[in-house]
Each structure stands twice: as C-alpha cells, then as structure tokens.
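The values are calculated or read from the model by the stated rules, or taken from the named source; none is laboratory data. A quick note: this is a predicted structure, and the numbers were derived from the prediction, not measured. A quick note on method: Cβ atoms are made from the backbone with ideal geometry, for glycine too, and the neighbour counts reach across all protein chains shown. Each accessible area value is taken on the protein alone, full model and side chains, heavy atoms only, with ligands, DNA and RNA left out. Shrake-Rupley method; radii C 1.70, N 1.55, O 1.52, S 1.80 Å.
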Protein chains: 2
Amino acid sequence: MLTYTIGEVATRYHMRPSTLRYYEELGLLYDVPRQGGRRVYTAQHLARLSTICCYKNAGMSLEELQEFFRSTESHADPAKTLAILDTVDDRIQSQIAELQANYQQIQRKKHFFLAIQAAQAAGVPQPNWADYAHRHYA
Amino acid sequence: MLTYTIGEVATRYHMRPSTLRYYEELGLLYDVPRQGGRRVYTAQHLARLSTICCYKNAGMSLEELQEFFRSTESHADPAKTLAILDTVDDRIQSQIAELQANYQQIQRKKHFFLAIQAAQAAGVPQPNWADYAHRHYA
DNA sequence: TCTTGACTTCAAGTCAGCTTGAAGCGGTAT
DNA sequence: ATACCGCTTCAAGCTGACTTGAAGTCAAGA
C-alpha cells in the first residue's frame with residue numbers, strides 16, 4: 001500500500017508539516033500510525049485531508065470541522081450531517097456570488113486604469129470613472 | 001447631503017463600529033469629518049468602504065490594501081495599480097475555481113447522505129460512496 | 001562509525017484582525 | 001435636571017490558526 005511521510009503530504013497539500021501535526025492534535029486527522037516513531041499517511045488520510053481543505057476553504061472554522069466530523073462519524077443521524085452540509089452549501093454559494101461581483105468590480109477598475117494609462121500616453125484628457133462604474137464583463 | 005453615523009454604516013456593512021474606527025486608524029478610511037466629536041460618513045466613505053470589502057473579500061490583507069491605496073492615490077503610475085489589480089484578479093479567479101470544485105464535492109456528499117437516509121428509512125443496504133465520488137452536478 | 005536530514009514532542013511564541021474596557025462627552029427624552 | 005444612549009479616545013486584550021525552538025530520535029549513505 002502506498003504511504004507518505006509528513007513532508008510528502010505537506011508538499012502535496014501546500015502546507016507545513018507543523019500544520020498536519022496541528023490538525024492531528026485537534027483530532028481532525030486521526031489514527032495516523034507511526035513507523036519508528038514517524039507518522040505514516042495513506043490514501044485514507046489524504047482523502048480526509050482533502051475533505052478538511054474543502055470545508056475549510058468553504059469558510060468553516062477548524063472548530064466547526066471538529067463538530068462536523070463528530071456528528072458524521074458517530075453515524076447517528078444523517079439528518080444532522082445533511083443540515084451541516086446545507087449550511088456549507090449556502091456559504092459556498094454566497095461566497096461564489098460575492099466573488100463574482102468582486103470580479104466584475106475588478107474588471108471595471110482594470111479597464112479604467114488601462115484607459116488612464118492610454119490617455120496619459122496619448123496626452124488626451126483622463127477617462128471618467130462614471131463611464132466604467134456599471135459596465136458588465138463576461 | 002445624506003450622511004450616516006458610525007452605527008448606521010456598521011449596520012449597513014455588517015460590521016462593528018470598532019472595525020470602522022480600526023480601518024480609519026490604519027488609514028484605509030480617511031477624511032472622516034466630525035460633528036460634535038462624532039464621525040460623519042457620506043456616500044464617498046461608503047464607496048471607499050465597498051472597495052475595501054471587495055478587495056478584502058478577494059483575499060487581500062489590510063496591509064496590501066494600504067499599499068494599494070497609497071499607490072493609486074499618489075497618482076503616480078497606473079502601471080503599478082494595474083499590476084496589483086492583476087494579482088487580485090488572479091486570486092479571485094482561482095478562488096472561484098476552487099470554490100466551484102468544493103461546491104461539487106458538497107453536492108456529492110449531500111446526495112450521498114440523502115441516499116443513506118433513504119436507505120435507512122427503507123431498510124435496504126447503505127449506498128456506496130464510490131458511486132458518488134465522481135458525479136458532476138449543475 | 002559518523003554525519004546528515006527529516007522526523008519526533010512539547011511548550012511557548014507569533015500574527016492579523018479585530019474587540020473590549022475604562023473614562024468621559026453630546027444631544028435628546030422624560 | 002437628569003437619565004440615557006450612542007458616540008469618543010486610548011491602551012490593552014483576545015481568538016484562530018498556525019509556527020517556532022529546544023532537545024532529542026531514526027535510518028540511510030559515505
């Protein structure tokens with residue numbers, strides 16, 4: 001079975017070994033066996049880590065993640081897990097919507113500053129932000 | 001001219017008055033006049049605050065925001081402002097992409113746990129995650 | 001055998017981004 | 001007149017998420 005050292009996992013997930021130890025300390029990663037005192041990670045752990053990163057990226061705190069895993073792993077109530085998944089879903093969707101609005105705004109600013117640059121080069125009057133403030137980009 | 005108290009602005013932007021004072025202390029918000037010692041905000045300030053929130057939401061730190069405003073307000077070099085806008089643009093785009101991947105994953109989990117729930121109710125065998133792990137949702 | 005480099009634990013430290021508390025002021029309502 | 005509420009400043013405190021440092025272990029290569 002394919003295994004990984006803490007350093008390999010850290011590199012693969014763009015994090016530091018200390019972060020992996022920290023997650024283990026919090027109980028987010030567990031049952032990590034040791035060989036000669038060193039942690040040995042398998043595909044199981046990588047999958048778990050992917051889940052952690054996914055939810056974290058969605059805006060969940062590490063504490064919420066603990067809660068989430070506690071409730072799904074107790075096998076108790078799929079309804080509770082579903083409720084948490086629903087809130088994560090909501091958060092992701094509103095985050096995407098917000099980022100897309102931010103994206104539009106950045107495009108407007110970019111075009112505006114490009115126009116400033118062009119105007120400076122051509123020695124013509126500066127553009128007016130009002131002309132850019134409501135544009136919509138693809 | 002329409003003006004706002006710190007409390008009104010805070011409510012409108014879903015933040016605390018202390019945060020607005022903090023941003024002012026950092027120089028992100030400035031030229032906020034006082035009437036009888038109290039801050040008076042206008043549409044100008046709200047626009048500025050929107051910009052701050054937009055960039056912050058895109059992942060810029062408050063320090064980067066200071067840098068950004070310093071460089072755009074010195075009117076010096078539109079090229080420098082554009083360079084910063086480009087990095088913000090990149091960040092937003094990769095964040096959106098990542099969130100969309102996360103969204104897919106959440107949908108898979110939701111459907112999986114719905115299936116678990118249904119299986120429990122019907123008294124049939126539990127579903128298999130492998131059947132859900134690569135599905136694609138709209 | 002010795003060195004090297006990546007690992008180990010544990011406690012303490014760091015950093016961003018606010019938040020809180022104390023002490024006081026201003027304008028409106030009773 | 002007095003109470004009150006939301007504001008003021010300033011300094012200190014807090015929280016989440018790691019990171020760092022010290023002191024030591026392990027296994028592979030020269």
Taking a label point 7 Å out from Cα toward Cβ, give me the nm distances from A:Leu114 to the same spot in the other copies, shortest first, one decimal.
-> 4.2
Once you've got the GNM for chain B with C-alpha springs shorter than 10 Å, pick whichever of B:Ala121, B:Ala83, B:Ala97 has the biggest mean-square fluctuation.
-> B:Ala121
GNM flexibility winner over chain B from B:Gln44, B:Gln107, B:Gln120 (Cα, springs under 10 Å) | B:Gln120
Given unit charges at Cβ for Lys, Arg (+) and Asp, Glu (-), the dipole magnitude of the protein assembly as shown about its Cα centre in debye, nearest 20, is 80
When the helices in chain B are scored as -39500 (n - 2.57) per DSSP H run of 4 or longer and the sum is shared across all residues, what 222 nm value do you end up with, to the nearest 500 deg cm²/dmol?
-> -22000 deg cm²/dmol
Let me know the mean shielding of A:44-51 by other chains, meaning the per-residue number of their Cβ atoms within 10 Å of its Cβ.
-> 1
Å² per residue, accessible surface of the stretch B:38-127 at 1.4 Å = 49
Given 0.36 nm per residue, what is the gain on full extension from A:Leu62 to A:Thr42 after removing their alpha carbon distance, in nm?
-> 5.0 nm
Per residue of B:105-115, how many C-beta atoms from partner chains lie within 10 Å of its own C-beta, taken as a mean?
-> 5
When the accessible area of the protein assembly as shown is computed with all protein chains present and a 1.4 Å probe, what percentage of it is carbon and sulfur?
-> 52
With label points set 7 Å from each Cα along the Cα-to-Cβ direction at B:Trp129 and A:Asp31, the distance between them in nm comes to 1.0
Treat every Asp and Glu Cβ in chain A as -1 and every Lys and Arg Cβ as +1, leave all other atoms uncharged, and give the resulting dipole magnitude about the Cα centre to the nearest 20 debye.
-> 620
On protein heavy atoms with a 1.4 Å probe, the accessible surface that disappears when A meets B, both sides summed and given to 100 Å², is 3000
Report, in whole Å, the centroid distance computed from the Cα atoms of the stretch A:65-84 and the stretch B:1-76.
-> 40
Under 29 Å Cα to Cα from B:Lys110, which lysines show up? Leave out anything in the same chain fewer than 8 places away.
-> A:Lys56, A:Lys80
Within the stretch B:53-97, whose backbone N sits under 12 Å from a point 7 Å along Cα→Cβ of A:Gln120?
-> B:71-83
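I'd like the mean, over residues of A:26-39, of how many other protein chain beta carbons sit within 10 Å of each residue's own Cβ.
Working: counts 0, 0, 0, 0, 0, 0, 0, 0, 0, 0, 0, 0, 0, 0.
So the per-residue partner count for this stretch is 0.
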